[in-house]
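The values are calculated or read from the model by the stated rules, or taken from the named source; none is laboratory data. In this text the structure is predicted, and so the values were computed from the model without any measurement. In this analysis, Cβ positions are derived from the backbone assuming ideal geometry, glycine residues included, and neighbour counts consider all displayed protein chains. The area values use the complete protein model at the heavy-atom level, side chains included, leaving out ligands, DNA and RNA. Shrake-Rupley method; radii C 1.70, N 1.55, O 1.52, S 1.80 Å.
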Amino acid sequence: MSFDKRGMKVKGVLDAVFIMSDWLRIILIVLLILINYIAGYYVKRAVSKVYDITKSPEKAMDKLRIYNQYFLTVLYIITIVPFVFLIAKYFVNFGKFGRIALVMCAPFVFLMIVSIGQLLIINKTYKKIRQTTESFNEQVRSIVLTSVLVIMPIGIMIAISMLISEGSVDNETLKSIMSILTPIIVMVVFNIIISLLYPKLVKADDLKDERLIMMLNELFDRAGVKRARLYQQPTKDKKTANAIVVGFVKPKVIISDYYIENAEPNEIEAIIAHEVGHLKFHHITKRLVYIIGGMCGVYLTGLLMEWYENYSGNEINIILGLLILLVPFILYMSVGLLMLYRNQEQKADKFVIDIGISPEVMITALLKLAKLNHMTTRMKKMDERFQTHPSIAKRIKHIEKISGYEYEMLDEKNNKNNKNRRR
Ligand SMILES: [Zn+2]
């Protein structure tokens, strides 16, 4: 592939960024940050407006979720690129380690500045709507934690592949084997470390309620799954209710105490049965295999294109080459991966029914989750394609379908729907 011509153009732009005066650079950096803050302010206004009109925390939070996912996150991704180029000048003087520090730190620092600023902008509105009492420090702590978990592995992968490509390894075959193995090893190691540290990071403690422990252990035994260690995470201040399973070597189940406090034991059992389903079907491992498969796919496509160029003597146009390489990969890693996630959620829900939990209990457990988190139960079709979980309404429908049980929704919004169904 000929990178030369385009490479020159890119280099021209980069040179311009490098010789730019410091004050212009600072103005541009501030501008990039400000764009994100203004967007945050706009989102705050939109969310307040929904709440003022509907008085529904669910609808307001749905607006916030949608704007967060499709607007603020996208804007962050768009603005991070020029940000990295603008600050690159201060790192390149330190050679290889400077570049690695840039790749590892810049996205993280920018994300901190943007999200803590946006938190300050939206926090009062959010707390008013959801009546949460979480301290500012705690909120910042969870922002830092999520950012580290999301950005660190990507940064480490890029840094290591930079080390390999610039390193002293001369053997080309060894180099290419290392470049495909690195991301795989980083991901597996990262997963293991996270599962070890996660309970500490979220300040989770061993589950206290003896009766609940017995009930849940019995559930693991019935499922034929090795008992996982059970934790409870303090979330009453921030009012989040959920249960998750981490780690594919030594699995741990973490339940938020806000859910424990507000749900009946049999509802908690239903939600944990869903997590046991994930363990029973090795869903975490399957996700890893899927992601690694995607990486190998890109790598092989690259090899194939190189092979084609060498044997046919034709050069593949660089834009076309990148399209062939990246478009399927991005689709595979986004829409495709999310499809796998939602498919696994449905299988875990089916497992709940198969193991003998009453469908009614599972449905009330799900509705309680939605209510405690101020989540709407329905989602637009297109929106749902970009989520890790199907909407609660869809999950309930699925449970009704496989169990033959019909739940009578008392929710106002669903009344019409229900009348039709009862005929
Ligand atoms: Zn799940």
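Split the accessible area of the chain by element, probe 1.4 Å, and carbon with sulfur accounts for 65%. Estimated at the nearest 10 Å², the accessible area of Glu267 is 10 Å² with a 1.4 Å probe. For the chain, the mean residue ellipticity at 222 nm estimated from helices alone is -25000 deg cm²/dmol, where every DSSP H run of n ≥ 4 contributes -39500 (n - 2.57) and the total is divided by all residues, rounded to the nearest 500. The range 279-302 and the range 116-169 have Cα centres lying 25 Å from one another.
Rolling a 1.4 Å probe over the heavy atoms of the protein chains gives the chain an accessible area of 56 Å² per residue. Of all lysines in the structure, those lying under 22 Å Cα to Cα from Lys96, and not within fewer than 8 positions of it along the same chain, are Lys11, Lys175.
Of the residues Leu72, Val109, Phe83, the one whose Cα sits farthest towards the positive end of the charge dipole of the range 1-133 is Leu72 (charges of +1 on Lys and Arg Cβ, -1 on Asp and Glu Cβ, taken about the Cα centre). Relative contact order of the chain: 14 percent, from C-alpha pairs under 8 Å at least 6 residues apart in sequence. Considering only alpha-carbon pairs that sit under 8 angstrom and 6 or more positions apart, the relative contact order computed for the range 47-164 is 27 percent.
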